[in-house]
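Chemist: Please read through the structure below; I'll follow up with questions.
Rule-based calculations on the coordinates, nothing more; no lab input. Bear in mind the structure is a predicted one, so any value in this text is a computation, not a measurement. No Cβ is skipped: glycine too gets one built from the backbone with ideal geometry, and neighbour counts run over all protein chains shown.
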Amino acid sequence: RLVRLVRFGLGTAVLAWVGAALWRNWSEVRAQPPVWSVNPGGVILSAILVWAMYAILIAAWRAMLAGWGQRLGPWEAARIWTVSSLGKYVPGKVWAVAGMALMAREAGVAPWAATASAVILQALAIGTGALVAGAAGSQALESAHPGATAALWALAAASALGVGLLTWPPLVQRLVRTVTTLPAAGSLPARPVLLGLGANLVAWLGYGAALWILARATLPEAPLGLGAAIGSFAASYVAGLLVLVAPGGLGVREGVFVLMAQGSLGWGGAAALAVASRLLLTLTELGAALPFLIFRRGSLRVGT
């Protein structure tokens, strides 16, 4: 209940902040139409980089399952991860994890292990995302919102502490007992958690680099630096995760991104890139799941 209350409070604060800022500056958004010049090669390269980050996160999920003594083949793991991830577009933020647990059970994996691994990776994603946003996002806010830089560094410090605690096995065990109905068998070693930590850090950097490439491919004259792209993407995505009622962070992610990137791109350019990023990520998520929806291999039934 406390976690849900904190997330609700943070989500409400983010919505209020984004809404007020966009309302005040809506005339500037409309007055700065972007100049589009789409480079298909750059868009494709951005999508390929996003898919590579998916592969890294799937490998981290498999490693965490192996830490619980569960085994899942690469094909089945990719199928479960990509298809269940589409549940994030349903309001409530729980359907992706629920779908993952159900599909993992069908593949012979204990539902509690699939759920616990997904929740731990989600916690690592939020913690590392906030850390990256705090470290890299100060560049994006330096000119437009100077007072926010100190807050972002405080967020980075708090996130580093939280991520560090997630590598402590007793805390992980307590988290598992909190979010699952069945107790975990044994203790999860620290190595899979550290792999998940590293995978999420690499993923945030890769997602930000993909956004930077997308900006150069669609708004070639936009002066968006790589660090600003990484910080803006991480901050906006984490904000979307915190707002429970927004399916896939829709609207929240774009609003936070506009606030973060408008110092470099202007209000119109930031809004245009936010929409382009949303379209690209939606297509990459659908594209990643589509082969597994069309072609189905037999599940790898294994004992626990």
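Chemist: Spin-label point model (7 Å from Cα, Cβ direction): what's the residue 290 to residue 102 distance in nm?
Modeler: 2.4 nm
Chemist: Determine ³J(HN,Hα), in whole Hz, for all residues of region 270-283 in sequence, where each value follows from phi through the Karplus function 6.51 cos²θ - 1.76 cosθ + 1.60 and θ = phi - 60°; x replaces Gly and Pro.
Modeler: Listing the rounded values in order: 5, 5, 5, 5, 4, 5, 4, 5, 4, 5, 5, 5, 5, 5 Hz.
Chemist: Here is a further query. Give me a comma-separated list of calculated 3J(HN,Hα) values for region 102-116, in order, Karplus coefficients 6.51, -1.76, 1.60 applied at θ = phi - 60°, integers in Hz, x for any Gly or Pro.
Modeler: In residue order, the calculated couplings are 5, 5, 5, 4, 5, 8, x, 9, 4, x, 5, 5, 5, 5, 4 Hz.
Chemist: Hey, got the Cα dimensions of region 54-116 along the principal axes, in Å, largest first?
Modeler: 32, 23, 17
Chemist: With +1 on each Lys and Arg Cβ and -1 on each Asp and Glu Cβ, how big is the dipole of region 52-112 about its Cα centre, in debye rounded to the nearest 20?
Modeler: Dipole about the Cα centre, nearest 20: 80 debye.
Chemist: Are there chymotrypsin sites (Phe, Trp or Tyr not before Pro) in region 251-300 that DSSP puts in a loop and that have at most 13 other Cβ atoms within 10 Å, and which ones?
Modeler: Hits after loop and neighbour filter: 295.
Chemist: What does a probe at residue 221 reach in region 258-296, counting residues whose amide N is under 15 Å from the point 7 Å along Cα→Cβ?
Modeler: 265-270
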